[in-house]
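Data first, discussion second: the structure below is written as structure tokens.
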Amino acid sequence: MIELFRNPRWDFIGKRKWAYLASLVFVLLSLGSLAARGGLRYDIDFTGGTLIQVRFERAPSVARIRAGLTPIGLGDSIIQRFGDEREYIIRLALKELGSEEIARRVQDALAADPSFGALEIRRAEFVGPQVGRDLQLQALYAVLAGVLGILLYIALRFDLKGGVAAIVAVFHDVLVCLGALSLANREFSLPVLAAFLTVIGYSVNDTIVAYDRLRENRGKFVPKGKTFAEQMNDAVNQTLSRTVLTALTTFFSTAVLLVFGGKTLEDFAFVLVIGVITGTYSTIYVAAAIVVDWTRSVEGRLRRGKKAVAKA
Amino acid sequence: MPRRLWARVAVVAVVVLGAAWYLYPPKQTINLGLDLQGGIHLVLGVETDKHVSTQTERAADDLKSALERKGIAARRVAREGDRTIVVELAGPQGWNDALTVAAEFGRFERRDEDQAAGRFKLAMSERLVAQLRDDAVRQGLETIRNRVDQFGVAEPTITRTGTDRILIQLPGVQDPERAKALIGKTALLEFKLLDERTPVEQALAGQLPETSEVLYQRRVEPETKAERKIPYVVGKRTLLTGAELTRAEVQADPNSPGSWQVAIEFNATGARIFGEVTEQSVGQQLAIILDGNVYSAPRINERIPGGRAVITGQFTVEDARDLAIVLRAGALPAPVTILEERTVGPSLGADSIRQGLVAILGSAVVVFVFMLVYYRLAGLIADVALGLNLYLLFAAMAAFGATLTLPGLAGVALTVGMAVDTNVLIFERIREELRVGKTPRSAVDAGFARALRTIIDTHLTVMVTAAILYNFGTGPVKGFAVSLFAGLAASLFTAYFFTRLLFDVVYMGRRKVEAVSI
């Protein structure tokens, strides 16, 4: 039987002060990166605009594509390589024309340069400004409503402290992933939004496993001589092999997506890879740690209150 | 054997067979999103204001003729803004009669009365405005559906989103430009008389009577391909519209070889009006106007009975066919604008499927091998359960008629992750029970019992989230939510019924279980 850990007894919770520091550093780093870059880079799904994806027979250079587009007044477009060296994305600000019309003009203009060889317009998208704005808002509402649902469910099934701590952990994970996205200069697109939703699901799942174990332990017998922090630490240790196994399998499968999934899945998988790491970490060092410190502060207040009563 | 083993086998068998019923044949039951198979995606905004103003205009015309019939002289009866009619009588006399006539327009409210000046306004009621806006979108949806059906697209999606938007997805359409022209065309066919008393030059200079307007005919020179616009002075009054049309067919244009024309035929009412109009206007030119463009303006030589006409205009056979389709399907009640448009070439869709599938299969293999190596026989059980889980997930998506998109695949990925987690939770728990010295049989029992509580909690939390996302989200978010919800329901089922069942079949049949391969 292969076993990762046999009765692990590491002191995770005891080192939470350092973890708070680490979380703070990561969150600040994320916010800093977002601030320095002036917010996220949104895909046209969210900003509105026109995007055309072209596949060339022979690998072109950005300068040549730009030169080809200048005669039709699109020389100031954003031109990016997309995946392999023969595939490019041309991005334009909002224009009056529909994407089909622009795609045809782009095709005609680029066909004039024989060095590209045959070319194929593989995708043409136009998103109106109103649609983009609506999508941004609706996605935000959906996520906030979802988070509220999680809070309510955990508050009912466990307790309010657990619910709030789980939500803090979710926000921590989302922030860190946003920061990673911004540091890697990747775009926030629809698949990336789906990845964030996935990370939220993963993070909550992981947190609940730990809570459940704590509740089960406390329900079975009244633990004698163990502080709440120690009980939480036991729960974390008891679920440790499961946590690590699940994290590893998820991590490897998302890593496979990142490497082999192609350009379309790349940003999506990137967020998932970061999300698995931070989601696992945040269970112990954000959610569990907050519940421990919150409980301690409540117990401390109760004790002080009792002492005051005893003195009087 | 534990009691009710056969009952559990039966439950699983029923579910598996039921799923097969929904899933067969997979090529037709699983809808792939446009990002995965190529095609065109359009979001149209219906200009509902335009519909309201058209209706107000029509009511103003009706009011004007009603006043004329009663012999009440009016200086002006005209639409003002989208939903108000201004009435200015020639003088204070006839005021009461005018009010009586106006009262027949019950869904308008009278305001700003000024009896001395003989002036009042009629404003459309809020309820009527709301109803007209709704009608515009619903009729537009119906018309577009009709056109797409006649165009011949397999599995189109045409639905209303939000209050005034129409979402159209046409998978596998090769010629998006043509599809777009077909869908987005208002196709308002009108017959109006030319105003031959006003010279065109004078009209272009802005001097034309209030009852006339300038419309253009577009002509493409066959040699130079240059577009020319020919101005016409046309009376504003519409004599007949395409609403009374029953047939529209493509014919070869006898006067212009290689060109095509559309022959139309009116219903009884249309034919009667057409007969009257042509009788009264012999010698005049009748303009055939589509969406504000003049197509032709033939001179009426005699009364035309039978309600037949042709629309000519240098059409190619495809143009003529599409025009016939839109005329048959009817006009959109209000113009539409394209708010969002995505065209994915079939090769890109195929590429993203191939790459996505390879990657997903790759990660599945990683998971399968890992479980097998780490948990041995139990790992094999988990792998079979995972396979069943995916199978049920796709069956559920087929049953709901859900579409599999890239964000949907994200939902599948999270499902797989949580399904693996479910098995890991159970197995780690069984190992733990074995470590504290329980017999294999009771360790399996205890492991399942304890782990299931956790599993229910994790699954329900995420399912609650998925349900909320579905209710609050739009397209892509919804796609994610549907596949996630279906996947987690399937995962709960496999964890609760199937994995346990396999364990029981493998171990519980033996009289004495020496060890669990886990």
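Assorted remarks:
- Length released on extending from residue A:64 to residue A:296, taking residue separation times 0.36 nm less the Cα-Cα span: 77.0 nm
- Excluding same-chain neighbours fewer than eight residues apart, the aspartates and glutamates reachable from residue B:229 by a Cα-Cα span under 13 Å are B:221.
- Chain B, relative contact order in percent, only Cα pairs under 8 angstrom and at least six apart counted: 18 percent
- Legend: ranking of residues B:143, B:211, B:494 from fewest to most surrounding C-beta atoms inside 10 Å; resulting order B:211, B:143, B:494.
- Unit Cα scatterers, Debye sum, the protein assembly as shown: log10 I(q)/I(0) for q = 0.06, 0.07 Å⁻¹: -0.56, -0.71
- Label-point separation, residue A:78 to residue A:115 (7 Å along Cα→Cβ), nm: 2.5 nm
- More than 22 angstrom apart: percent of Cα pairs within the range A:49-127: 11 percent
- Here chain A is treated as a Stokes sphere of Kirkwood radius computed over C-alpha pairs; at 20 °C and 1.002 mPa s its diffusion coefficient rounds to 94 µm²/s.
- Spread of Cα-to-Cα distances over 5 Å intervals beginning at zero, given as percent, for the range B:185-343: 2, 9, 15, 20, 21, 17, 11, 5, 1, 1, 0
- Kirkwood-type radius of the range B:49-128, with distances r between different C-alpha atoms, in Å: 12.4 Å
- Inverting the pair-averaged 1/r between distinct Cα atoms of the range B:302-458 gives 21.4 Å as its Kirkwood hydrodynamic radius.
- Over all pairs of different C-alpha atoms, the range B:419-518 has a mean inverse distance whose reciprocal, the Kirkwood radius, equals 14.9 Å.
- Cut-off 14 Å between beta-carbons: net charge of the residues surrounding residue B:141, Lys and Arg +1, Asp and Glu -1: +1
- Site pair residue B:104 and residue B:5 shows an inter-label distance of 8.6 nm when each label is modelled 7 Å from Cα along Cα→Cβ.
- Between residue A:1 and residue B:358, the C-beta separation translates, for a Förster distance of 25 Å, into a calculated FRET efficiency of about 0.15.
- Rounded to whole Hz, the Karplus (6.51, -1.76, 1.60) HN-Hα couplings of the range A:124-132, x for glycine and proline: 9, 10, 10, 10, x, x, 5, 4, x
- Sites residue B:142 and residue A:108, calculated FRET efficiency, Cβ-Cβ separation with R0 45 Å, nearest 0.05: 0.75
- Formal net charge of residues neighbouring residue A:276 (Cβ-Cβ distance under 11 Å; K, R +1; D, E -1): -2
- Pairs from the table (A:161/A:224; B:121/B:192; A:17/A:161; A:17/A:224; B:50/B:185) lying more than 21 angstrom apart at Cα are A:161/A:224; B:121/B:192; A:17/A:224.
- When the convex hull of its Cα atoms is projected in every direction, mean area for chain B (nm²): 34.6 nm²
- Residue B:131-residue A:136 FRET efficiency (beta carbon distance; Förster radius 30 Å; 0.05 resolution): 0.45
Every read-out reported here was derived from the displayed coordinates using simple, explicitly stated rules and does not represent laboratory data. In this text, all values refer to a predicted model and were calculated from it rather than measured experimentally. Don't worry about glycine lacking a Cβ; one is built from the backbone with ideal geometry, like all the others, and counts go over all protein chains shown.
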